[in-house]
Amino acid sequence: MPRIAYVNGRYVKHRDAAVHVEDRGYQFADGVYEVCEVARGFIVDMTRHLDRLDRSLRELRIGWPMSRAALQIAMTEVIRRNLVRDGLVYLQVTRGVAPRDHVFPAAHVKPSIVITAKRADPRALAAKAEKGISIITVRENRWERVDIKTVGLLPNVLARQQAKEAGAHDAWFIDADGSVKEGAASNVWIVTKDNVLVTRQADTGILRGITRTTVIDVARKLGLSVEERDFSLAEAKDAKEVFMTSATTIAMPVVSIDGHSVANGHPGATTDAIRAVFFDVAEKTRTH
Ligand code: PMP
């Protein structure tokens with residue numbers, strides 16, 4: 001069965017799916033995206049993802065390429081046509097196709113939309129979470145508006161590549177003052193010795209992760225206290241537990257930071273507990 005992508009109103013074979021050479025996403029990274037987890041045949045936290053998409057589009061003054069209801073149908077249809085039960089759905093909206101010029105094109109230019117879906121093996125993810133991952137740190141070198149989920153991800157790409165070449169799984173951005181910003185594609189959390197969950201406040205310095213927001217709901221359910229504040233790399237290295245959140249990994253334990261072992265080098269009980277109840281707490285939208 002061939003993979004199917006949705007491109008500007010049409011369902012096409014993934015291998016034939018293409019956008020125009022003058023699409024502004026391609027030329028200027030002038031676009032935004034979302035990634036939602038698909039688990040057990042449900043889209044996880046779709047409302048929050050589409051609300052964030054709406055915010056990203058408004059911040060950049062890009063219009064919706066289609067109605068929200070139509071977009072939800074197209075997302076579901078791409079998931080269905082690709083027989084994805086567990087995996088992810090990716091959607092990207094750019095300002096559209098126009099002769100190359102930095103300033104915005106005329107208002108009638110229609111935003112471009114692409115949707116793809118991909119299967120993932122939940123057992124592989126669970127196996128990774130059982131071991132935990134290692135990360136390296138890199139100096140924050142991104143622009144100030146990383147709260148907008150743009151496709152301009154070159155610093156994130158370079159950080160992840162640096163991690164891979166260093167034999168680590170992922171990378172964190174660290175501010176000049178030593179405080180932890182976020183992962184290359186995730187938010188960072190620590191559990192203090194007093195069992196308080198700490199994650200950086202979501203101002204313009206990080207992306208307000210949807211998983212981060214839902215983990216705050218999960219923490220409430222579990223009776224854990226949450227503090228949204230800056231924390232330093234030193235505090236993270238000394239924490240009881242460390243984990244990262246993103247739609248595709250939920251809560252992933254970090255057991256090594258720059259080669260320094262966290263806690264006892266094994267995933268902790270709080271991270272496990274969050275993973276265990278996350279799906280129950282999150283919003284679930286049926287795809288079948
Ligand atoms: N920060 C960055 C830079 C990211 O790319 C992501 C993943 N999209 C996140 C945080 C986590 O966001 P979410 O929980 O919505 O996947």
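The set of residues in the range 116-139 being assigned to a loop (DSSP other than H, G, I, E, B) and closer than 20 Å to Arg160 by Cβ consists of Ala120, Gly132. Residue check: is Ala70 within 23 Å of the chain's Cα centre (by Cα) and within 16 Å of the ligand (Cβ to nearest atom)? Judged against the criteria, Ala70 is not a match.
Within the range 13-51, the residues that satisfy the criterion of being open to solvent by 10 Å² or more (accessible area, probe 1.4 Å), over 20 Å from Arg286 (Cα atoms) and within 14 Å of the ligand (Cβ to nearest atom) are Ala29, Tyr33. Do the conditions hold for Arg61, that is, is it more than 22 Å from Ser186 (Cα to Cα), in contact with a Phe, Trp or Tyr (Cβ under 8 Å, 6 or more places away or on another chain) and in contact (Cβ under 8 Å) with a residue 12 or more places away in the chain? Yes, satisfied. Going by the structure shown, is Thr245 at pLDDT below 95 and either within 13 Å of the ligand (Cβ to nearest atom) or under 14 Å from the mean Cα position of the chain (by Cα) (or both)? Judged against the criteria, Thr245 is not a match.
Just one of (1) exposed (fewer than 15 other Cβ atoms within 10 Å of the Cβ); (2) not in a helix (DSSP H, G or I) fails for Val157. It is (2). On the given criteria, is Ala120 at pLDDT 95 or above and under 17 Å from the mean Cα position of the chain (by Cα)? Yes; evaluated as a whole, the condition is true for this residue. Inspection of the range 164-179 identifies no residue that is of a type outside the set (D, E, K, R), open to solvent by 20 Å² or more (accessible area, probe 1.4 Å), within 9 Å of the ligand (Cβ to nearest atom) and under 28 Å from Ala39 (Cβ atoms).
Kindly establish whether Glu77 is at negative phi, in contact (Cβ under 8 Å) with a residue 60 or more places away in the chain, surrounded by fewer than 20 Cβ atoms within 10 Å (Cβ to Cβ) and not in a loop (DSSP other than H, G, I, E, B). Here the answer is yes, as Glu77 does meet what is asked. Restricting attention to the range 112-149 and to residues that are without any contact (Cβ under 8 Å) to a residue 60 or more places away in the chain and of a type in the set (Asp, Glu), the residue that is surrounded by the fewest Cβ atoms within 10 Å (Cβ to Cβ) turns out to be Asp121.
With respect to Ala70, determine if the residue is under 23 Å from Asp217 (Cβ atoms), open to solvent by less than 50 Å² (accessible area, probe 1.4 Å), outside any loop (DSSP other than H, G, I, E, B) and without any contact (Cβ under 8 Å) to a residue 12 or more places away in the chain. Steps first, please.
On the way: under 23 Å from Asp217 (Cβ atoms): no; open to solvent by less than 50 Å² (accessible area, probe 1.4 Å): yes; outside any loop (DSSP other than H, G, I, E, B): yes; without any contact (Cβ under 8 Å) to a residue 12 or more places away in the chain: yes.
Judged against the criteria, Ala70 is not a match.
Residues that are farther than 26 Å from Asp51 by Cβ and open to solvent by 20 Å² or more (accessible area, probe 1.4 Å) were ranked within the range 203-242; the one that is nearest to the ligand (Cβ to nearest atom) is Leu233. Please verify whether the range 248-255 includes one or more residues that are away from the ligand (no atom under 14 Å from the Cβ) and free of Cβ contacts under 8 Å to residues at least 24 places away in the same chain. Within the range 248-255, not a single residue is away from the ligand (no atom under 14 Å from the Cβ) and free of Cβ contacts under 8 Å to residues at least 24 places away in the same chain.
Within the range 262-270, can one find any residue that is over 25 Å from Thr47 (Cβ atoms) and part of a helix (DSSP H, G or I)?
Yes, the range 262-270 contains a residue that is over 25 Å from Thr47 (Cβ atoms) and part of a helix (DSSP H, G or I).
Within the range 52-63, the set of residues being within 14 Å of the ligand (Cβ to nearest atom) and open to solvent by less than 40 Å² (accessible area, probe 1.4 Å) comprises Arg52, Leu53, Ser56.
The values are calculated or read from the model by the stated rules, or taken from the named source; none is laboratory data. Keep in mind that this is a model prediction, so the values were computed, not measured. Every residue, glycine among them, receives a Cβ derived from its backbone with ideal geometry; neighbour counts consider all protein chains shown. Side chains included, ligands, DNA and RNA excluded: accessible areas come from the protein's heavy atoms. Shrake-Rupley method; radii C 1.70, N 1.55, O 1.52, S 1.80 Å.
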